[in-house]
Amino acid sequence: MPHVMVTQHYDRYTTQDHLVWKVLFDRQTALLHKRAAAAFSVGLQKAGLHRNALPRFEEISKRLQKATGWQLEPVNGMLDDATFFGLLAQRKFPATVWIRSMEQFDFIQEPDLFHGIFGHVPLLMDQAFADFLHFLGRVAAQHLHDAPALARMERLYGFTVQFGLVQEQGATRMYGAGLLSSSGEIHHCIADESNRRPFDLATVLQAEYSEAHLQEHYFVLNSWEQLTESVAELAALLASGWQLQPA
């Protein structure tokens, strides 16, 4: 889908839209108590997100710009990989302006405003995480016409930024936006039968990834440093002429 710049028309949100945000905000913050990474709780406050009203993109962008040099890019829906990673390389995060309906509380296949803002923005307020995401975007931007490489970048992004887990003070915590913004994904992840593995780049690059259903496996960082290390390792492999098998 081509990238279409849009504007957040705040006055067009309905009373139900604001109610959806409030109910989701309350439910997710309760579910994430002692389950989310420390950076999420800190970022939620720094971003000024609260339950009482839908966030204004312009205000969030100003806070992000001041904290980590990022800004929001309002979009009308899903983007192709080249456009998406190209925006990340410019420290611009695409966020959808529409919010899900009451019937879509537990799981949605396309990212909405709640996923983009509640799920992604708090971690983007963290400088180390924001720098990692920029690094990933820059590396991907060098391979925009290399479909196998982009597919692997998408998997690295998916199993970290979207559905990543990290070890903090002896406990496994959530930091991926797809987890943070979805009660269905949280319950699926914490179930006893959930497949949680130690993060390993080679395994991640070969793992099947899709956002069309609940995840079949999750990867757990042993430290935040693994994020930047994984991008550097993948960049070095690509620069050396390493040939990726079709994804």
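Looking for whichever is within 19 Å of Val42 (Cβ to Cβ) and acidic (Asp, Glu) here; the options are Asp81, Asp126. Which one fits?
Asp126
Looking at Gln127, Gln109, Gln104, which one is farther than 23 Å from Asn76 by Cα and of a type in the set (S, T, N, Q)? So that I can check it myself, show each step before the final result.
Values: Gln109 fails: farther than 23 Å from Asn76 by Cα; Gln104 fails: farther than 23 Å from Asn76 by Cα.
So the residue among Gln127, Gln109, Gln104 that is farther than 23 Å from Asn76 by Cα and of a type in the set (S, T, N, Q) is Gln127.
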Of all residues making up the range 185-225, the number that are closer than 18 Å to His120 by Cβ and not hydrophobic (A, V, I, L, M, F, W, C): 5
Lone qualifier among Ser183, Ser194, Ser230 - being in contact with a Phe, Trp or Tyr (Cβ under 8 Å, 6 or more places away or on another chain), buried (at least 17 other Cβ atoms within 10 Å of the Cβ), of a type outside the set (D, E, K, R) and at pLDDT below 95: Ser183
Pick from the range 18-32, criterion touching a Ser or Thr at 6+ places or on another chain (Cβ under 9 Å) and not polar (S, T, N, Q), ranking: surrounded by the fewest Cβ atoms within 10 Å (Cβ to Cβ): Arg27
Residues that are crowded, with 21+ Cβ neighbours inside 10 Å and part of a loop (DSSP other than H, G, I, E, B), drawn from the range 33-46: Ala37
Any hit, the range 102-124, residues being surrounded by fewer than 22 Cβ atoms within 10 Å (Cβ to Cβ), assigned to a helix (DSSP H, G or I), without any contact (Cβ under 8 Å) to a residue 60 or more places away in the chain and of a type in the set (D, E, K, R): yes
Residue in the range 190-208 that is within 20 Å of Leu44 (Cα to Cα) and either basic (Lys, Arg) or in contact with a Gly (Cβ under 9 Å, 6 or more places away or on another chain) (or both) present: no
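The values are calculated or read from the model by the stated rules, or taken from the named source; none is laboratory data. Fair warning: this is a prediction, and the values are worked out from it, not measured in the lab. Ideal geometry is used to build each Cβ from the backbone, glycine not excepted, and the neighbour counts take in all protein chains shown.
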